[in-house]
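Undergrad: I have a structure here, written as C-alpha cells, and I will follow up with some questions on it.
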Amino acid sequence: MPNFEAMIVIDNIIISDDVADKQFVCDLNKCRGACCEEGDAGAPPDDEELDIILEMYEKVEPYLTEAGIKEIERNGKYVYNKEFGWVTPTLSYDKEICVYGVRDEKGIIKYAFEQAYYDGKIPWEKPISCHLFPVIIERGKKGEYDRMNYEPREKSCNPACALGKKLQMPLYEFLKEPLIRKYGEAFYKALDKAAKMHSGKKGNNKVTS
Ligand code: SF4
C-alpha cells in the first residue's frame with residue numbers, strides 16, 4: 001500500500017485528505033465542461049460499464065453529433081489506450097472532445113448519456129469516472145485497495161475552486177451522489193465522519209464503514 005503523509009482510510013479505500021479538505025463546485029458557465037475535451041485520453045469506463053455502453057448506445061445515438069457518430073462507426077464505442085486501458089473515443093480534430101460530448105447553445109459540453117438519462121430514455125447516467133471527476137480512483141495492481149486522489153484541471157477547474165469556497169462546499173459533499181453510487185451509503189457516512197474529524201486534526205484517520 002502506498003504511504004501517504006496525510007490520508008483517510010476507510011476499509012480498503014485510501015483517500016487523499018484533499019478530498020475531505022478542498023472546497024469545490026463545478027461552475028459550468030465558466031469552464032464550459034472543459035474536462036470533456038481536455039486530458040490525455042477519453043474517460044475510462046469501469047469494466048462492467050463497457051457492456052452498459054454497448055447496450056445503451058442505440059438510445060443515446062440520437063443525442064450525438066454527426067462527427068461523434070462517424071468516429072464511433074470508424075473506431076468503436078470505446079477504444080484501447082496503452083496507458084489508460086479502455087477509454088471513450090475522442091475527436092482528434094476538435095480539441096480531443098469525447099465523442100459522447102455535445103456542445104449546447106451556450107457552448108457548454110453536455111454528456112449524451114446524461115441527456116438521455118434525464119429524458120428517461122436510459123437508466124444509466126454516465127461512467128462513474130466522469131461522475132466523480134475531479135476525483136480520480138486508481139485500483140491497486142492486485143485489486144487490494146483503491147486510491148482516491150483529487151486531480152482538478154489546472155486552469156479549467158479554478159472557477160470551481162472559487163465557487164466551492166464561496167459556497168463553503170466540501171469536495172466530498174459536492175460528490176455525494178457519485179461517491180454513494182460507487183461505494184454505497186455506509187462508505188459515504190464513514191467518509192463524512194472522517195472528514196469532520198480530519199478538519200479538526202491533521203494526519204491519518206482510519207475508519208470502517
Ligand atoms: S470537473 Fe472541472 S472542468 Fe469538469 S465540469 Fe467540473 S469544473 Fe468544469
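Undergrad: Within a Cβ distance under 9 Å of Asn149, other residues only, what is the Lys/Arg minus Asp/Glu net charge?
TA: Net local charge, Asn149 excluded: -2.
Undergrad: Something else now. I need the trypsin sites (Lys or Arg not before Pro) found in the stretch 75-181, filtered to DSSP loop residues with at most 13 other beta carbons within 10 Å of theirs.
TA: Filter output for the stretch 75-181: Lys82, Lys95, Lys106, Lys141, Lys142, Lys155.
Undergrad: Which lysines have a Cα less than 30 Å from the Cα of Lys142, not counting those fewer than 8 places away in the same chain?
TA: Lys22, Lys77, Lys82, Lys126, Lys176, Lys182, Lys189, Lys193, Lys202, Lys206
Undergrad: Let me ask you something else. Order by neighbour count: Glu83, Glu151, Glu38, fewest other Cβ atoms within 10 Å first, most last.
TA: Lowest count first: Glu83, Glu151, Glu38.
Undergrad: Taking the beta-carbon count within 10 Å as an exposure proxy, list Leu54, Leu171, Leu91 from fewest neighbours to most.
TA: Leu54, Leu91, Leu171
Undergrad: Pick from Asp51, Asp21, Asp146: which is most flexible by mean-square fluctuation in a GNM of the chain where alpha carbon atoms under 10 Å apart are linked?
TA: Most flexible of the set in this elastic network: Asp51.
Undergrad: Do any chymotrypsin sites (Phe, Trp or Tyr not before Pro) in the stretch 29-110 lie in a DSSP loop with no more than 15 other beta carbon atoms within 10 Å, and if so, which?
TA: Phe84, Tyr93
Undergrad: Loop-only check: which GluC sites (Glu not before Pro) in the stretch 100-209 are DSSP coil with at most 14 other Cβ within 10 angstrom?
TA: Of the GluC sites (Glu not before Pro), the ones in loops of the stretch 100-209 whose Cβ has at most 14 other Cβ atoms within 10 Å are Glu105, Glu144, Glu154.
Undergrad: For the Cα atoms of the chain, what angle does the longest principal axis make with the long axis of helix 66-75, in degrees from 0 to 90, nearest 10?
TA: Helix 66-75 sits roughly 80 degrees off the main axis of the chain.
Undergrad: Give me a comma-separated list of calculated 3J(HN,Hα) values for the stretch 7-19, in order, Karplus coefficients 6.51, -1.76, 1.60 applied at θ = phi - 60°, integers in Hz, x for any Gly or Pro.
TA: 6, 10, 10, 10, 6, 9, 10, 9, 10, 4, 5, 4, 4
Undergrad: Using a Förster distance of 30 angstrom, determine the FRET efficiency expected from the C-beta separation of Glu151 and Ala67, and round it to 0.05.
TA: According to the calculation, E is roughly 0.60.
Undergrad: Sticking with this structure for a sec: Hey, could you grab the Kirkwood Rh for the chain? Inverse mean 1/r over distinct alpha carbon pairs, Å, one decimal.
TA: Evaluated over the chain, this radius sits at 18.1 Å.
Undergrad: Nearest-5 percent of antiparallel DSSP beta bridges in the chain?
TA: Of those bridges, close to 75 percent are antiparallel.
Undergrad: Something else about it: Given only helices, namely DSSP H runs of n ≥ 4 each adding -39500 (n - 2.57), what is the per-residue ellipticity at 222 nm of the chain, to the nearest 500 deg cm²/dmol?
TA: Mean residue ellipticity at 222 nm (helix-derived): -11000 deg cm²/dmol.
Values in this text are rule-based calculations from the coordinates and carry no lab data. It should be emphasised that the depicted structure is a prediction, and the values quoted were computed from it without experimental measurement. Every residue, glycine as well, gets a Cβ built from its backbone with ideal geometry; the counts of neighbours run over all protein chains shown.
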